[in-house]
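Report on the structure given below.
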Amino acid sequence: MQESVLHFIWKHQYYNISKSVLDSGDSVIVLAQGISNLNAGPDFGQAKLKIKNVEWNGDVEIHIKSSDWNAHKHQFDKAYNKVILHVVWEKDKEVMREDGTFLPTLELNKLVDKKLLVKVDSLINSIATISCASQLELVSEITIIDTIQKALVKRLQRKAQVVIKELDYAKGDWEEVAYRQYMRQMGMKVNGDTFYDLALLLPYKLIRKYSHSLKSIEALLFGASGLLHSAKEDAYIKELKKEYEHLAVKHGLNRKLNPAQWKFLRLRPSNFPTLRIAQVASLLSSSTSLFKLFTEFLMEEELFQRLGNKTSSYWKSHYRFSAEAKNKVPVFGKTSADLVLLNVVAPLLAAYSLHVDGQKYIERAVKLAEHLKPEQNRILKEWKAVGIKAKSGAESQALIELYNEHCKNKSCLTCGIGFSIINN
């Protein structure tokens, strides 16, 4: 027995209520099972019970064995004095609150239908990557759609919290937040942290001063990256070095990243950090407000065009410094642009929606994701193998959320699909 299963049973009252009797022999009527508490303290708050015709209001604590109360030191914690019921699978010990009063206990092991436990076990102990794979035919299409839609909103809200946290670091500067989030995405998983470090070295308020000059922004980014000064010189590199040295003196830039921080190994040339920095410079030199660009666009096509701005001529024939490419270097592709929209623009819209309490921004985030093509990765291949194929960027984000937050952790009891299977 797992404690999460007991939480599920109590939350949905999946036990023989008519035969529920406390350890004292008194019957108990549950008027309200309470609200699940995800923070420190008792498991359920604001519960209402009637014991011997007396109504009790307070908390409910859940354990596998009653002795777990003492094992978790609740007998010394005043925060647990408001617990009005101890729900356990097995009572193996009498326990007391910190104030010395005995705790009413409800033992569930004789009240729960064994068929329910078999259903639960088939999910949470399944060896399948997606536990519900063999039982999906039991779930209605509308339940699957509803679960996916809720997962999308949850993912946007979770990503929005990351943005809100970044907003605190940036002292409330939304422009700086948009810039940092964009920079991290441009580095992807391999170089994302290094791109973020580069953004911290070169604040957006400095970059904006040179939004009229692609050369100056390239000099700033490549100079501070440390890559410029480790490159074999050619005319372009000499020009950038001269510009960077001038700007470094002017703005007191005395720190650069270590070139060893940048990863090239096993990357496709189109994802080399040098080319990505050039693409970043192209966008930054064509906009005076990243935040406005990402949140006030009229059509997605406008964003695609801006994200795919042409780089300087040097980067049309180079993936990295000095070594000229054999073929023409491709422009920033739609797949990469989609990822910026999914992982930067949509979360930014969702975060701003929370910040200003404006529903239109979260609606724009959802609409934007719905118009994008689905991602292609290992997780989505797993879903496709069980018959669920993402049709849009919104659905792919939702399925990734479901997998990471439920399937991977076998948290089937808090998933709409798992809940439906158990109820069947």
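Can you name the residue in the stretch 381-424 that is among the β-branched types (Val, Ile, Thr) and more than 19 Å from the chain's Cα centre (by Cα) and, of all such residues, is nearest to Val120 (Cα to Cα)?
Ranking the candidates gives Ile422 first.
Within the stretch 318-328, is there a residue that is touching a Phe, Trp or Tyr at 6+ places or on another chain (Cβ under 9 Å) and under 20 Å from Glu401 (Cβ atoms)?
no
Could you tell me whether any residue of the stretch 322-330 is surrounded by fewer than 21 Cβ atoms within 10 Å (Cβ to Cβ), touching a helix residue (DSSP H, G or I) at 6+ places or on another chain (Cβ under 6 Å), part of a helix (DSSP H, G or I) and not hydroxyl-bearing (Ser, Thr, Tyr)?
no
If I ask for residues that are more than 15 Å from Tyr352 (Cβ to Cβ) and assigned to a helix (DSSP H, G or I), which ones from the stretch 156-178 would you list?
If the condition is that a residue be more than 15 Å from Tyr352 (Cβ to Cβ) and assigned to a helix (DSSP H, G or I), then Arg158, Tyr169 are the ones that fit.
Sort out which residues of the stretch 315-337 are among the basic types (Lys, Arg) and closer than 26 Å to Leu372 by Cβ, and write them in order of number.
Within the stretch 315-337, just Lys334 meets the criteria.
Out of all the residues in the stretch 237-262, which are more than 22 Å from Tyr179 (Cα to Cα), over 32 Å from the mean Cα position of the chain (by Cα) and surrounded by fewer than 19 Cβ atoms within 10 Å (Cβ to Cβ)?
Ile237, Lys238, Glu239, Lys241, Lys242, Glu245, His246, Val249, Lys250
Select from the stretch 215-227 the residues that are part of a helix (DSSP H, G or I) and either surrounded by fewer than 24 Cβ atoms within 10 Å (Cβ to Cβ) or within 32 Å of the chain's Cα centre (by Cα) (or both) and list them in ascending order.
Lys215, Ser216, Ile217, Glu218, Leu220, Leu221, Phe222, Gly223, Ala224, Ser225
State whether the residues of the stretch 123-144 include one that is out of contact with any Pro (no Cβ under 7 Å at 6 or more places or on another chain), loosely packed, with under 14 Cβ neighbours inside 10 Å, in the same structural domain as Val21 (by TED's automatic domain parsing) and not in a loop (DSSP other than H, G, I, E, B).
No - not one qualifying residue is present in the stretch 123-144.
Go through the stretch 301-334 and give me each residue that's out of contact with any strand residue (DSSP E or B) (no Cβ under 9 Å at 6 or more places or on another chain) and of a type in the set (Gly, Ala, Ser).
Of everything in the stretch 301-334, those that are out of contact with any strand residue (DSSP E or B) (no Cβ under 9 Å at 6 or more places or on another chain) and of a type in the set (Gly, Ala, Ser) turn out to be Gly308, Ser312, Ser313, Ser322, Ala323, Gly333.
How many residues, within the stretch 46-55, are over 14 Å from Val87 (Cβ atoms) and touching a residue at least 12 places away in the same chain (Cβ under 8 Å)?
5
Among the residues of the stretch 203-218, is there at least one that is in the same structural domain as Ala337 (by TED's automatic domain parsing) and free of Cβ contacts under 8 Å to residues at least 24 places away in the same chain?
yes
The values are calculated or read from the model by the stated rules, or taken from the named source; none is laboratory data. Because the structure is predicted, anything quoted here is derived from the model rather than measured. Heads up, the Cβs are rebuilt from the backbone with ideal geometry, glycines too, and the neighbour counts pull from every protein chain shown.
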